[in-house]
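The values are calculated or read from the model by the stated rules, or taken from the named source; none is laboratory data. Note that this is a predicted model, so its numbers are computed, not measured. Glycine also receives a Cβ, built like all others from the backbone with ideal geometry; neighbour counts cover every protein chain displayed. Protein only, heavy atoms only, side chains kept; ligands, DNA and RNA dropped before computing areas. Shrake-Rupley method; radii C 1.70, N 1.55, O 1.52, S 1.80 Å.
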Protein chains: 2
Amino acid sequence: MKTDTPNNHQPDMPEEINGLRMTRQRQEVYRLLTRERTHPTANEVFMRIKEALPNVSLATVYNCLEALVQHNVIRQVNFDREPSRYCSNLDEHGHFHDEKTGKIHDVKFKSGVSLADVLDLPPNTVIKDVEITLRGQLSAS
Amino acid sequence: MKTDTPNNHQPDMPEEINGLRMTRQRQEVYRLLTRERTHPTANEVFMRIKEALPNVSLATVYNCLEALVQHNVIRQVNFDREPSRYCSNLDEHGHFHDEKTGKIHDVKFKSGVSLADVLDLPPNTVIKDVEITLRGQLSAS
DNA sequence: GATTGGATCAAGAACTATTCTAATTATTTC
DNA sequence: GAAATAATTAGAATAGTTCTTGATCCAATC
């Protein structure tokens with residue numbers, strides 16, 4: 001009757017990603033983020049993931065998210081001081097925050113342009129990470 | 001003997017900026033940010049401002065910073081979930097966070113380029129605010 | 001010059017996202 | 001299969017920030 005053995009690997013999920021052991025909890029967190037591209041917060045992940053893992057704890061969700069971020073499996077996205085959001089899109093991209101709907105849309109870079117073309121960087125700068133955040137509205141015209 | 005009457009307007013400070021009454025506390029907060037371009041946190045502002053206003057409270061510093069931000073007199077800058085930092089440079093610019101020194105440098109946009117040249121924005125987007133954050137190192141070569 | 005009303009300030013409590021701690025449970029290695 | 005290692009859990013702790021409440025200040029009027 002019990003269909004949900006606690007820590008079974010799912011058949012469609014590799015044992016490891018980028019050297020990170022994909023435990024059941026990490027699988028579910030990662031699966032959720034690939035399925036729902038809405039940039040959920042840790043708490044939203046926690047609430048949704050309970051369907052699959054009723055006994056999961058919020059601390060575990062945080063642990064999983066951190067492990068996945070650390071191993072470059074997902075990205076952590078911050079808007080001001082709002083709760084962190086998480087995103088399985090690893091392509092370099094920015095985020096547009098629509099003030100009307102509250103939704104977040106990924107924004108791609110145009111091909112062939114680099115940030116150095118736009119910004120007056122100090123010489124000899126090694127950029128390891130870029131974050132671009134836009135805030136505004138999708139005018140409905 | 002008492003040279004520091006609590007709420008005196010300083011002679012070199014307007015009574016109002018952008019419609020915000022410049023009380024003594026707001027003056028000192030603003031003055032500090034224009035003098036020190038190091039992007040201090042609320043707590044750093046609090047500690048430094050005590051020289052001029054020994055009885056000021058941290059809550060007041062937060063209130064002042066918020067009022068100044070709201071009236072577009074200063075900008076609030078966030079790096080991930082670190083404490084907010086504040087900045088009196090109102091020109092549109094990004095921030096480069098040097099991982100070695102921990103210091104933050106303003107990064108100007110090259111003249112004549114706009115973000116729309118670089119990003120694949122959805123059509124009919126009205127951008128109200130842009131935030132660009134870079135993280136890396138100033139290689140010492 | 002006193003009065004009044006609204007804005008501002010101070011002090012500390014409260015809040016919230018996140019991290020830490022310690023104990024339990026799974027998994028891997030020997 | 002036992003020992004060692006890693007992951008998970010629950011709840012306590014933390015830190016930055018916001019809220020609450022009462023006091024104070026200030027400008028405009030009487």
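Are any of the residues in the stretch A:113-121 surrounded by 15 or more Cβ atoms within 10 Å (Cβ to Cβ) and either assigned to a strand (DSSP E or B) or more than 9 Å from chain B (Cβ to nearest Cβ) (or both)? Spell out the reasoning first.
Taking the stretch A:113-121 as the starting set, the residues that turn out to be surrounded by 15 or more Cβ atoms within 10 Å (Cβ to Cβ) are A:115, A:118-119, A:121.
Filter again for either assigned to a strand (DSSP E or B) or more than 9 Å from chain B (Cβ to nearest Cβ) (or both), leaving A:119.
Looking through the stretch A:113-121, at least one residue is surrounded by 15 or more Cβ atoms within 10 Å (Cβ to Cβ) and either assigned to a strand (DSSP E or B) or more than 9 Å from chain B (Cβ to nearest Cβ) (or both).
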* Asked: In the list B:Gln25, B:Gln76, which residue meets the criterion of being part of a strand (DSSP E or B) and not hydrophobic (A, V, I, L, M, F, W, C)?
  -> B:Gln76
* Structure fact -> Picking from B:Val69, B:Val77, the residue that is more than 21 Å from A:Gly94 (Cα to Cα) and in contact with a strand residue (DSSP E or B) (Cβ under 6 Å, 6 or more places away or on another chain) would be B:Val69
* To do: Could you look through the stretch A:22-38, keep only residues that are more than 12 Å from DNA strand C (Cβ to nearest atom) and open to solvent by less than 20 Å² (accessible area, probe 1.4 Å), and pick out the one that is farthest from A:Asp91 (Cα to Cα)?
  => A:Glu28
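Pick from the stretch A:51-72 the residues that are in contact with a helix residue (DSSP H, G or I) (Cβ under 7 Å, 6 or more places away or on another chain) and within 10 Å of DNA strand C (Cβ to nearest atom): which of them is most open to solvent (accessible area, probe 1.4 Å)?
Looking at the filtered set, the residue picked out is A:Tyr62.
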* Asked: When you look at B:Arg135, is it within 7 Å of chain A (Cβ to nearest Cβ) and either in contact with a Phe, Trp or Tyr (Cβ under 6 Å, 6 or more places away or on another chain) or not β-branched (Val, Ile, Thr) (or both), yes or no?
  -> yes
* Structure fact -> Of the residues in the stretch A:90-112, those that are facing chain B (nearest Cβ under 7 Å) and among the charged types (D, E, K, R) number 2
* Close pairs (7 angstrom Cβ cut-off, 6 or more residues apart or separate chains): touching a residue at least 40 places away in the same chain (Cβ under 8 Å) and open to solvent by less than 30 Å² (accessible area, probe 1.4 Å) in the stretch A:80-98, within 9 Å of DNA strand C (Cβ to nearest atom) and among the charged types (D, E, K, R) anywhere -> A:Ser84/B:Arg81
* Residue match in the stretch B:59-78 (condition: within 13 Å of chain A (Cβ to nearest Cβ) and away from DNA strand D (no atom under 12 Å from the Cβ)) -> yes
